[in-house]
Amino acid sequence: MKTSKYLLFTMKKYKSKLINNELIIRSGLVRKISSGIYSFLPLGIRIINKIKKIIRHEIEKNYAIEIYMPLLQKEFLWKKSGRIKIFGKELFKIIDRKKKKFILSPTHEELITYIFSKEIKSYKSFPITFYQIQNKYRDEIRSKDGIIRCKEFIMKDAYSFHINRSSMQKTYMKMYSSYKKIFKLFKIKYKITLSKSKKMGGKTSHEFHAISQHGENYILIHEKDNISKKIKIKNIIKKENESKTSNKHNFVKIFFIKSNRKKKKKIIIIIKISQTLDMKKIKKYYNDETLYLEENEKNKKFINKIKKINNLIYIKNSILIDKSIINLKNFYIYKKINKTKKINIIKHKKNIFFTNKFIIKKSIEIAHIFQIGKKYSKKLNFFVHDKNKKRKLINMGCYGIGITRLLSSIVEQNHNIKGIIWPSIISPFKVIILPINKHKCNEVKIIAKNVYKYFKKNKIEVIIEDRKISPGEMFNNSDLIGITNTIIINEKNAKKKMVEYKNRILNISKIISIKDIKKYIK
């Protein structure tokens, strides 16, 4: 490939709050069309296709079969599942010329269940797994600067169907292992958290979080045991009350919030003693008007027994932490038994989240897997008769990877001041050739041509810089787009039958013989 024919849409400058977005734009991977809507340019789609190829390879080891489902879904399917209300304004709704109502797919659980409830009639067909890689659509209320949270995004979603729960769990664990292998191949630093299924359904699910300083989630990580838990951090206070107590010491207080709904969840809230809880914000955040402050002896005893704030992460309740206490260092737990008794306090020398056991990290959710069970088969009547002619509702597992989110995370975790450093497995090209002043030196031109032919002959992905641009621009572009291997040919080395070899990942540079190129680039 020649740069004059391929075109590299690089930019010298682009301002963004997010370094990953800055590099993705500057290196010419994408261009912003509107808020939350991006177009992938040639280099970007090349990398996306490599990511897809690796994911396909690993997923198909679990006998997953690729399909393609339409982006337009009939609205009645979503009404049947009840998720038309759950998703609400996130759904893009379309009415055709015949006044029929459709939904632009944010996900495909309803549709795939509907399709195969009509196609599969024998218990002998199970277990079976289908997957697809395609665009999804959600009318995000807060489309951010970059491709992390978009209205249109690329996703791999897989769905497994099973005659019983134990079969579903086996496939689930296989997918769990495959995901770990995929993210290892991409050199991603990530953590896995046990999660709630929420909109999808089912009781068991796991989220995969890429560590990111610009992430929208917070996870608590055990330094030794590698245990991690997703926590919620939000501005949940009314206002800061200036008091002598709050200025003198850093007190935190713990509240218990309960719901009157059928699933009576309990939420633990931690704020500074100088702050007042805003129940309106909490009700809005959890979308639950029945939430109320619970005060009973059991909770008081629990607070009184707390020796370390870390104890909280072991309980099953949801924990919501106010943003203002993220950076608290010397703090106290406010433990008020009743109005007449004194305040009991415990002093912690270190930051609430940076104890000797646990640390907090920001993260981006890049994947989510679910043991959904029978939720959709019940709604859409997906059943078969087993070998004993007994009617069996089908169990479902669901497995998603956000490919555009994954791309953004890879860039954030793999770059330096010069540009992106792609893991070699998804480098847009295996090697780039930079012939310096080839129009002035015939030897440079001949060697560049021969080296290029060698790579092409050996089916090594290569791109050669053949535009009339300065050496500085050549080097800047090469570093910015992050190609793993670089061959630099200049007049001085060409006369000695030598070239300069650079490796972007290892950050090494060597003058080598032309004959030795094949040793460095296989």
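Quick notes on this structure:
- Ligands, DNA and RNA excluded, the heavy atoms of Asp466 present near 40 Å² of accessible surface to a 1.4 Å solvent probe.
- Protein accessible area in region 1-158, 1.4 Å probe - carbon and sulfur %: 56 percent
- Compared with the direct C-alpha span, the chain from Lys100 to Glu60 gains 10.7 nm at full extension, assuming 0.36 nm per residue.
- Couplings for region 512-519, taken from phi via the Karplus curve 6.51 cos²θ - 1.76 cosθ + 1.60 with θ = phi - 60°, read 10, 6, 4, 5, 8, 4, 5, 6 Hz in order; Gly and Pro are left as x.
- For region 21-91, chymotrypsin sites (Phe, Trp or Tyr not before Pro) are listed when DSSP marks them as loop and at most 15 other Cβ atoms sit within 10 Å of their Cβ; the list is Tyr63, Tyr68.
- Taking amide H as placed 1.01 Å from N in the peptide plane, the amide H of Gly482 sits under 5 Å from that of Ile420, each at least 5 places away or on another chain.
- Listed residues Ile112, Gln73, Ser39: farthest to the positive end of the dipole of region 1-149 (Cβ charges): Ser39
- Pairwise label distance in nanometres, Lys93 with Ile19, each label 7 Å out on the Cα-Cβ vector: 4.4 nm
- Bridgeable aspartates and glutamates around Lys50 (alpha carbons under 13 Å apart, same-chain partners fewer than 8 residues away excluded): Glu58, Glu461.
- With every protein chain in place and a 1.4 angstrom probe, the accessible-area ranking of Met279, Met1, largest first, reads Met1, Met279.
- Per residue, the average separation of C-alpha pairs within less than 8 Å and at least 6 apart gives region 425-522 a relative contact order of 31 percent.
- Arg165-Ser509 pseudo-label distance in nm [points 7 Å out on the Cα-to-Cβ vector]: 6.2 nm
- Report note on the peptides 282-290, 180-188, 10-18: ranked by the mean count of other C-beta atoms within 10 Å, highest first, their order is 180-188, 282-290, 10-18.
- Under 5 Å between amide hydrogens, built in the peptide plane, is the criterion, and for Ala367 it picks out Phe208, Gly402 among residues at least 5 positions away or on other chains.
- For region 1-79: relative contact order, % (alpha-carbon pairs under 8 angstrom, 6 or more apart): 18 percent
- In order along region 269-277, the Karplus-derived 3J(HN,Hα) couplings, from 6.51 cos²θ - 1.76 cosθ + 1.60 at θ = phi - 60°, round to 10, 10, 9, 6, 5, 7, 10, 10, 5 Hz, and Gly and Pro are given as x.
- Entries in Lys17/Lys281; Lys79/Lys374; Lys229/Lys361; Lys181/Lys374; Lys151/Lys203 that, when Cα-Cα distance is taken, lie over 19 Å: Lys17/Lys281; Lys181/Lys374; Lys151/Lys203
- Simple Cβ-charge dipole of region 418-522, Lys/Arg +1 and Asp/Glu -1, about Cα centre, in debye nearest 20: 500 debye
- Beta bridges per DSSP with both ends in region 359-500, % antiparallel, nearest 5: 60 percent
- All Cα-Cα separations within region 79-214 were binned at 10 Å from zero, giving a P(r) of 9, 31, 38, 18, 4, each value a whole percent of the pairs.
The values are calculated or read from the model by the stated rules, or taken from the named source; none is laboratory data. The structure displayed is predicted, hence computed values, not measured ones. Positions of Cβ are backbone-derived with ideal geometry, glycine not excepted, and every protein chain shown enters the neighbour counts. We work out accessible area using only protein heavy atoms, side chains counted, and drop any ligands, DNA or RNA first. Shrake-Rupley method; radii C 1.70, N 1.55, O 1.52, S 1.80 Å.
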